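The values are calculated or read from the model by the stated rules, or taken from the named source; none is laboratory data. Because the structure is a prediction, the values reported are computed rather than measured. Backbone-built Cβ (ideal geometry, glycine too); neighbour counts: all protein chains shown. For accessibility, only protein heavy atoms count, side chains too; no ligands or nucleic acids. Shrake-Rupley method; radii C 1.70, N 1.55, O 1.52, S 1.80 Å.
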Amino acid sequence: MQYFGGKAKICKSLAAYINSLLKPDQPYWEPFCGGCWVISNIDPVRLRIASDAHLDLVQMWCQILRGWIPPSQVSEEYYLQLKSSTPSAVRGFVGFGCSNSGKWFGGYARDGNGRNYAGNAHNSTLKKIIKMQDVSFSCCDYREYEPPEGCLIYCDPPYRGRPNIRPNTSTMTNSGTGSGEGALITRSWSRSMRLRRTSTACGKSQPRRT
Ligand SMILES: C[S@@+](CC[C@H](N)C(=O)[O-])C[C@H]1O[C@@H](n2cnc3c(N)ncnc32)[C@H](O)[C@@H]1O
């Protein structure tokens, strides 16, 4: 699925590097999971937690995990209708997967060759979900979640000033270069975080803490 800022092109090498750092059974958390390009390639022999502040997006992943099949054809009329509708899994799918460059409702995607963007997103999400059967999803701001002790965290927040930006990245300490590949950080970073609200959560193990 197209996703603005998604790591489709480098997910394999990024995940291979992260997998080489992960200790056996070490939990993994991705607080800005987006199109799940990276987490879907993380070694599943561990607790994997995906979260994102985008409600439609998390609803989409949760519903696909539960067996919902996203559409493989989406008309422009339906696209525009969803744009002004309430949050839902299908709105998450269409808002990203059928938009120009995967930008949230950034214009109905079309090219001169009649490419079927919905069909591509349909195939891509269903292929990915096979590798994410045990992933726990939560919809929350990264500051509202307390991850398990000792987990490895991969952060790929949006750039400041770009669409979808909401986090206050100045509160984060990380080892990233700031050039767009994200950052790997450790559990100690999150000691001050507390989960205050989890509006949507799904998966086999619930990562909530009170
Ligand atoms: C660059 S994208 C992540 C792309 C993802 N790594 C991929 O490969 O598809 C950044 C994500 O951060 C999410 N986001 C923005 N503000 C957030 C916040 N305060 N807390 C959690 N997620 C947030 C956006 O909804 C978006 O999905």
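Observations on the model:
- Residue selected from the range 32-51 under the condition in contact with a Pro (Cβ under 8 Å, 6 or more places away or on another chain) and in a loop (DSSP other than H, G, I, E, B), by the criterion surrounded by the fewest Cβ atoms within 10 Å (Cβ to Cβ): VAL45
- Exactly one residue among TYR154, TYR142 is in contact with a strand residue (DSSP E or B) (Cβ under 6 Å, 6 or more places away or on another chain), modelled with pLDDT of 95 or more and either near the ligand (Cβ under 10 Å from one of its atoms) or β-branched (Val, Ile, Thr) (or both), and that residue is TYR154.
- Here the range 1-28 is the region considered, the condition is being in a helix (DSSP H, G or I) and either among the polar types (S, T, N, Q) or under 19 Å from ALA121 (Cβ atoms) (or both), and the residue that is farthest from the ligand (Cβ to nearest atom) is SER20.
- Whenever a residue of the range 96-121 is without any contact (Cβ under 8 Å) to a residue 40 or more places away in the chain, its partners that are open to solvent by 40 Å² or more (accessible area, probe 1.4 Å) and of a type outside the set (Val, Ile, Thr), lying with C-beta atoms within less than 6 angstrom and at least six residues away or across chains, give the pairs PHE105/LYS83; GLY107/ASN100; TYR108/GLU76.
- The lone exception for GLN63 - which of (1) polar (S, T, N, Q); (2) near the ligand (Cβ under 8 Å from one of its atoms); (3) part of a helix (DSSP H, G or I) it fails: (2)
- Restricting the range 147-163 to residues that are surrounded by fewer than 19 Cβ atoms within 10 Å (Cβ to Cβ) and over 17 Å from LEU22 (Cβ atoms), the residue that is farthest from the chain's Cα centre (by Cα) is GLY161.
- Among residues of the range 70-83, those that are in a loop (DSSP other than H, G, I, E, B) and open to solvent by less than 100 Å² (accessible area, probe 1.4 Å), counted: 5
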